[in-house]
Structure formats: structure tokens, C-alpha cells
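Undergrad: Structure in C-alpha cells, see below.
The values are calculated or read from the model by the stated rules, or taken from the named source; none is laboratory data. No experiment lies behind these values; they were computed from the predicted model shown. Please note: Cβ atoms are built from the backbone with ideal geometry, for glycine as well, and neighbour counts cover all protein chains shown. What goes into the accessible areas is simple: the full protein's heavy atoms, side chains included, and nothing from ligands, DNA or RNA. Shrake-Rupley method; radii C 1.70, N 1.55, O 1.52, S 1.80 Å.
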Amino acid sequence: MPAELASIEYDELKALLAELGEPAFRAKQVLSWLARGYRPDEMTNIPLSLREKLSAYPFGGAEIIDERRSQKDDTLKFLFKLDDGNIVEGVLMSYSYGKTLCISSQVGCRMGCAFCASTLNGKVRDLTAGEMLSEVTAVERHIPTAADKKRTVTNIVMMGCGEPLDNYDNTIKFLKRATAADGLGISPRNISVSTCGIVPRIYSFTEDAPHITLCISLHAPNDELRRKTMPIANAYSLSELIPAAKHYADVTGRRVIFEYALIEGVNSSDDDAHELAKLLRGINCHVNLIPLNSVKERSLNGVTRGRAAQFAALLERLHVSATVRRELGTDIDGACGQLRNKHIGSQKEEGV
Ligand code: SF4
């Protein structure tokens, strides 16, 4: 019995159909529906009897139940309801090259980063590969593809609720289906996975997904500072994390991306920039600077864009490639976990 239909592979589906006494040619038809996020009862060219049989299996769906559009830019934030009622969120951002969907990999998160709203109530559970795929297909079905485009979502970043490498097997399975020609068919080069720095998993990831871009949330130039905002730094020091990042870059030939949220009065001084440049010397990398989207529950504030630009310029002068990322969706609780927490909070207020 398949774990769920949304992430089933061709061979598994063929075996399932054989078990159900159905002809093998149905596998391609059914898979084409599944890859676009359709449930069995929506598969119009499949006989009713087979649709009914397939409906008996878990699907692994994610349905859009709320949508916020930024008034400042084209960013769209979604709340997805999973089949068991859990809620996760996603953000669709528009760029000149296409649309990037940021998806969630877990309900909540157990990593405890101080600047993150997703972790405030801990981790509830991992998402399955099918649920992650369903976040993408739900958005694709919700927003019609422009006439001159092949698809709505051109890029995926795993940077929403959850730590993807803490849900390793499902993440790898998701990546396989997301890049497969008979799955979502998205180029691996257009997919990024972000980790807070689970070192052994970075080595596994380098083996298992060498074509996917790896982003590492660094957020501090030394262990002492990093431990203040990221509990993972107690488990793995920078003397372990940085060699793992270098290993990824050396083996894959791909630049590793370091995410660095600039927090006022915490990690954004000139001295911090000098220390960061020294730490990253000799690594094929790029630093994405993000003025922190303030998290009211944590009383942490981002720096101004002017200060972020100065910090980037200083890194560049120190021979570290760096850019300031556009802050998108600041008016719609764009930071990871904020909208979901609001939704859960309002349900509690209403006694749901
Ligand atoms: S930043 Fe990422 S790893 Fe850290 S708590 Fe938030 S979701 Fe988890």
C-alpha cells in the first residue's frame, strides 16, 4: 500500500494498479493527474470504479484556505490546510525571472531560532513528500499560468515553516518528485533548500541532492553570538559547520548561499562584517543579507535598508560576494510562521 498518492512514483503506481486488477496503461494517466495535484475523484478520464478504489488511499494534500496579497509588492502569502487539519504556510514572490514559492517542510519547528515565529510552539509533525508537492500544485491550480509561461511556479525554496534537513527522507523524496519529468518537472537549479546547519545532514545532502542549491542560515560571525539566537549552534560549532559548507561547494561545484538576517544591535556592526568575511574566506559562496522582518513576540528588530547596504558594501570590499535581499510582503506577516501563528491565535480566541 503506498504511503500516499501525491508523491507516488510511476513504478509504485504500476504495481498498485496491478494489485487492484487494473490495466498498466492507466498508470501514466493517473500519474499525470497526480503530478498536477488532482485527487482521484477529479480524474475525469479514469473509470469511476478505479477512482473509487484510489480514493481509499491517503492522498497527502494541502488546500489553500487563506490568501493575503501584499499592497507593497506582488507577494502572496498562503495558508495551507493539510488533510489532518494542520496548518502550514507558503509565500509566492514575483521576480523578473519568474515566481518563487517558499514552502513549509514541517508543522512548526523544533529548532528554536530566536528570530523565527515558526518555532514558538515547537514541532507538531513532519510533512510528507506528497504534502510538500501539494503546496506547489495547490498554488499552481489556484493561479492560472500566464499565456507566455509554461508554469506559475518556476522556482522553489524550502524556507517556510520547519527545518527540511530535520525531515530528511521526506525532503529528499520531495526533491526527487519535484525535479522528475513525470513529477513537477522543475529544474534542480531552480530549487533551494535552507538549513539552520545540521552538519551530518549537510554531508548526506551533498551526496543525495548535489544539483540542488544549499542555503545555510548563518546569522552570526562567531559561535558565541550564534548561540544567542540559534540553539543548533550548541550542537554544531562553526568549526564543524563551515567545513561542511565548503565540502558541499567543493564537491558540487555550486556556490553555497549563506543567509544572514541583520538584527539591530546584535550582528550588524562593521566588526561583525570583518569577522564574517574572515570566516568565509576561501569558500565558493554568496551572502544573502536580509533586514530581519521584526518578530513582535521576540522583541527583535531589523536594521534599516541603508545599514544593510553598507554591510553588503563592506563585505564586497573584503572580497565576499553579498547582496541585500528585497524584503517582500512585510505588510502581510511575510516572515516565516507569522501568519500561521496569527491564524492559530485567532482560532483559539474564537474557541475553535
Ligand atoms: S528559522 Fe527555520 S530552523 Fe530556525 S526555527 Fe525557524 S523554521 Fe526552524
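Undergrad: Tell me which aspartates and glutamates have Cα within less than 15 Å of Lys278's Cα, excluding those fewer than 8 residues away on the same chain?
TA: Asp223, Asp270, Glu316
Undergrad: Okay, moving on. Please determine, in degrees from 0 to 90 and to the nearest 10, the orientation of helix 168-179 with respect to the longest principal axis defined by the Cα atoms of the chain, where the helix direction is its Cα long axis.
TA: Its long axis makes an angle of about 70 degrees.
Undergrad: Out of Gly282, Ala181, Val88, whose Cα points farthest toward the positive end of the dipole of the chain (charges: +1 Lys, Arg; -1 Asp, Glu; placed on Cβ)?
TA: Positive-end residue among those listed: Gly282.
Undergrad: Moving on to the next point. Rounding to the nearest 10 and keeping the result within 0 to 90°, find how far the Cα-based axis of helix 10-19 lies from the longest principal axis of the chain.
TA: Tilt of helix 10-19: around 30 degrees.
Undergrad: While we're on this one: When the accessible area of the stretch 10-55 is split by element with a 1.4 Å probe, what percent falls to carbon and sulfur?
TA: Summing carbon and sulfur atoms, their accessible area is 53 percent of the total for the stretch 10-55.
Undergrad: Also, quick follow-up: Near Lys150, which aspartates and glutamates are there with a Cα under 20 Å away, not counting those fewer than 8 places off in the same chain?
TA: In chain and number order, the partners are Asp74, Glu135, Glu140, Asp182.
Undergrad: While we're here: Checking a compactness column here: for the chain, what do you get for Rg(Cα) / (2.2 N^0.38 Å), N being the number of residues?
TA: The value comes to 1.02.
Undergrad: What pairs from Lys149/Lys246; Lys53/Lys77; Lys176/Lys246 go past 30 Å between their alpha carbons?
TA: Pairs exceeding 30 Å: Lys149/Lys246; Lys53/Lys77.
Undergrad: Defining a contact as two alpha carbons under 8 Å apart and six or more residues distant in sequence, what relative contact order in percent does the stretch 62-349 show? Write down the numbers at each step before the final one.
TA: Values: 582 pairs, mean separation 51.8, N = 288.
Rounded, it is 18 percent for the stretch 62-349.
Undergrad: Just grab the label-to-label distance for Ser49 and His142, each label 7 Å out from Cα along the Cβ direction, in nm (one decimal).
TA: Calculated label separation equals 3.8 nm.
Undergrad: Here's a follow-up. Which shape class applies to the stretch 10-55: rounded if a/c is under 1.5, otherwise prolate when a/b exceeds b/c and oblate if not, where a ≥ b ≥ c are the square roots of the Cα gyration tensor eigenvalues?
TA: Working: a/c = 1.78, a/b = 1.21, b/c = 1.47.
Oblate.
Undergrad: Next question, about the same structure. Determine the share of the stretch 123-222's accessible area contributed by carbon and sulfur atoms, expressed in whole percent, with a 1.4 angstrom probe. Before the final figure, lay out each step's value.
TA: Values: 1780 of 3560 Å².
That share works out to 50 percent.
Undergrad: Among all the lysines, which ones have a C-alpha under 17 Å from Lys72's C-alpha, if same-chain residues fewer than 8 places away are not counted?
TA: Within reach: Lys99.
Undergrad: Next question. Just how large is the dipole of the chain about the Cα centre, in debye to the nearest 20, putting +1 at every Lys and Arg Cβ and -1 at every Asp and Glu Cβ?
TA: Result for the chain is approximately 660 debye, rounded to the nearest 20.
Undergrad: For Lys28 and Asn234, compute 0.36 nm times the residue count separating them, minus their Cα-Cα distance, and round to one decimal in nm. Walk me through the intermediate numbers first.
TA: Values: separation 206, 0.36 × 206 = 74.16 nm, distance 4.82 nm.
Using 0.36 nm per residue and subtracting the Cα-Cα distance, I get 69.3 nm.
Undergrad: Which value, in debye to the nearest 20, describes the size of the charge dipole of the stretch 109-196 about its Cα centre when Lys and Arg Cβ atoms bear +1, Asp and Glu Cβ atoms bear -1, and nothing else is charged?
TA: 140 debye
Undergrad: If one takes the longest principal axis of the Cα atoms in the chain, at what angle in degrees, from 0 to 90 and to the nearest 10, does the Cα axis of helix 238-252 lie?
TA: For 238-252 against the chain, the angle is about 50 degrees.
Undergrad: Need one number for the stretch 101-225: average projected area of the convex hull over its C-alpha atoms, nm². If you can, show how the numbers build up before the last one.
TA: Values: hull surface 34.4 nm².
Result: a mean projected hull area of 8.6 nm².
Undergrad: Sorted by mean Cβ packing within 10 Å, highest first, what order do the peptides 112-121, 57-66 take? Before the final figure, lay out each step's value.
TA: Details: 112-121: 20.4, 57-66: 18.6.
Peptide ranking by packing, descending: 112-121, 57-66.
Undergrad: When ligands, DNA and RNA are left out and all protein chains stay put, how many square angstrom of accessible area per residue does the chain have with a 1.4 Å probe?
TA: Values: 15430 Å² over 352 residues.
Computed with neighbouring chains in place, this is 44 Å² per residue.
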